[in-house]
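What follows is one structure encoded as structure tokens, with my remarks underneath.
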Amino acid sequence: MLYDFDTTPNRRGTGSMKWDVAEHELPMWVADMDFATAPQVIRAIKNRASHGVFGYSIVPDEWYDAIISWWKRRHNYTIDKSWLQFCTGAVPAISCLVQRITNVGDNVAVLTPVYDIFFHSIENFGRHVAECGLAYSNGNYQIDFDALERVLSNPLTTMLILCNPHNPTGTVWTHEQLSKIGKLCKKYGVVVLSDEIHCDLTLPNVSYTPFASVSEDCAQNSITCISASKAFNLAGLQSAAVFVPNKRLREIAIRGLNSMEVAEPNSFAVGATVAAFNQSEEWLDSLRGYLADNRNAAAEYLKKNAPSAHLIDGKATYLLWIDCSAITNDSNELCDFIAERYGLILSSGAQYRGNGKTFVRMNIACDRARMTDGLHRLSDGLKAYTDKGTTIE
């Protein structure tokens, strides 16, 4: 391996949201990695810092070129420069676009369980979450297209927020699935807002399909959020982008992003993104291999030491989605118990709605030793929770 992912920086005392915890606690919840970002990105940030002046910044051509080149090279999709707009993060963009594209009282569809901040972006602005629960059988998630059509056919449903690849299940939607979604949304006049910030974190040899690449109808009826933040651990730099092929929809979206003041870069956002996409491809491929090995090791560990918990076979993200339905129907209680007794902080699946109340989410984007520590704590916690006599009603 060209890069050392077994050695990670000490993040305690650095103002980290993840690591601002007690000394005995092990946080494996929020989706940021414990690895230092790519050396090329660090070098770009240091070079920028050495200049010493941090005034207002513009978005130069090299930022557009880096994104266009990356998506063409890595994902076989051509993004036109005119489609792109800088924004300060996928979440600010989603919140802004929900406000701009939909009206108060509208329904915004989501495929649950799904990233919980989507609900905040919808409900905080007077819109309603229209849940379409994913079909779950034999440890696999599929889209219930009959249920989705019922949700989309409601005249008050005006937007679908799609997570592609899907967080928390790790599902990489197929071309066929995305095509069906696109056809239904076009049929009922529902705009697709596709969050694709996990797209570069698929397993090695697994490709994701950009929603807009599926068909011209999909392209012309969608807004896509992209970023280097997840793959290169840059969330704290507040840097993302949206691309919108449809000119009318693009003008509305860009006006919204600028009106909400989320379209201006900080001094480090552009350079870090350019260095990630132009210079750090080898680092990312090495990272993906390490994360895949982590996932395989975790699967073997859980199979041997916690057989009552079932790991969903996700193909993307660095998040384990673990079915604990044989143990509990209250993931909030389970996570509280494990945190209190064993210091392991996980995400309760209940916050993702759908069938998440019997799941926990675990972040394994860390060195192998730390992951093993977390798995030990999880296994011990599941056994102790079961032994204490909690019943499933």
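Under 17 Å from the 7 Å Cα→Cβ point of residue 65, by amide nitrogen: which residues of region 263-279?
Label zone hits: 270-279.
Please name whichever of 115, 52, 128 sits farthest to the positive end of the charge dipole of the chain, dipole taken about the Cα centre and charges placed at Cβ: Lys and Arg +1, Asp and Glu -1.
Towards the positive end, the residue furthest out is 52.
Could you list which residues have their amide H under 5 Å from that of residue 315, counting only those 5 or more apart in sequence or on another chain, with H placed in the peptide plane?
When sequence neighbours closer than 5 places are left aside, the close amide H contacts are 171, 172.
Return the carbon/sulfur percentage of the accessible area of the chain, one whole number, probe 1.4 Å, all protein chains in place. All intermediate terms of the calculation are to be shown ahead of the outcome.
Details: 7990 of 16550 Å².
Taking all protein chains in place, the chain shows 48 percent carbon and sulfur surface.
Can you list the lysines whose alpha carbon sits under 16 Å from that of residue 315, skipping same-chain ones fewer than 8 residues off?
Answer for residue 315, where 16 Å is the Cα cut-off: 230, listed by chain and number.
Say a paramagnetic label sat at a point 7 Å from the Cα of residue 153, along Cα to Cβ; which residues of region 192-222 have their backbone N under 14 Å from it?
none
Rounded to the nearest 500, what is the 222 nm mean residue ellipticity of the chain from helices alone, with -39500 (n - 2.57) per DSSP H run of 4+ residues and division by all residues? Please report the intermediate quantities before stating the final value.
Working: 13 runs with 159 residues, N = 393.
Computed ellipticity for the chain at 222 nm equals -12500 deg cm²/dmol.
Please report, in debye to the nearest 20, how large the charge dipole of region 1-138 is about its Cα centre when each Lys and Arg carries +1 at its beta carbon and each Asp and Glu carries -1 there. Show your work: numbers first, answer last.
On the way: 12 positive and 15 negative charges, 101 e Å.
With Lys and Arg at +1 and Asp and Glu at -1, about 480 debye.
Once the Cβ-Cβ distance between residue 76 and residue 248 is put in as r, and R0 is 41 Å, what FRET efficiency do you end up with, to the nearest 0.05?
Values: r = 27 Å, r/R0 = 0.65.
So, using R0 = 41 Å, E works out to roughly 0.95.
If the chain between residue 303 and residue 117 were fully stretched, how many nm would it gain, using 0.36 nm times the residue separation less the Cα-Cα distance?
Values: separation 186, 0.36 × 186 = 66.96 nm, distance 3.10 nm.
So the chain would gain 63.9 nm between residue 303 and residue 117.
For region 219-348, with only Lys/Arg (+1) and Asp/Glu (-1) charged at the beta-carbon, what is the dipole magnitude about the Cα centre, in debye rounded to 20? Could the numbers behind the result be given before it?
Details: 11 positive and 14 negative charges, 90 e Å.
It works out to roughly 440 debye.
Residue separation times 0.36 nm, minus the C-alpha to C-alpha distance between residue 145 and residue 332: what's the value? Don't skip to the answer; put the middle values down first.
Numbers: separation 187, 0.36 × 187 = 67.32 nm, distance 2.95 nm.
Length difference between fully extended and current span is 64.4 nm.
Given a 1.4 Å probe, how much area per residue of the chain is accessible, in Å²? Let's see the in-between values first.
Values: 16550 Å² over 393 residues.
Using a 1.4 Å probe on heavy atoms only, each residue of the chain averages 42 Å².
Connecting C-alpha atoms closer than 10 Å in a GNM of the chain, tell me which of 189, 349, 374 has the biggest fluctuation.
Of 189, 349, 374, the Gaussian network model singles out 189 as fluctuating most.
Lysines near residue 247 by alpha-carbon distance under 24 Å, same-chain residues fewer than 8 away left out - which ones?
Within the straight-line limit of under 24 Å, residue 247 reaches these lysines: 72, 81, 180, 183, 186, 187.
With +1 on each Lys and Arg Cβ and -1 on each Asp and Glu Cβ, how big is the dipole of region 143-240 about its Cα centre, in debye rounded to the nearest 20? Please list the in-between numbers first.
Values: 6 positive and 9 negative charges, 24 e Å.
It comes to approximately 120 debye.
Take the Cβ-Cβ distance between residue 125 and residue 14 as r, set R0 to 35 Å, and report the resulting FRET efficiency rounded to the nearest 0.05. Display every interim value, and only then the final one.
Details: r = 33 Å, r/R0 = 0.94.
With a Förster radius of 35 Å, E is 0.60.
The values are calculated or read from the model by the stated rules, or taken from the named source; none is laboratory data. All of these numbers come straight from a predicted model, not from anything done at the bench. Here Cβ is always computed from backbone atoms with ideal geometry, including for glycine, and neighbour counts include all displayed protein chains. In case anyone asks, the SASA skips ligands and DNA or RNA and just uses the protein heavy atoms, side chains included. Shrake-Rupley method; radii C 1.70, N 1.55, O 1.52, S 1.80 Å.
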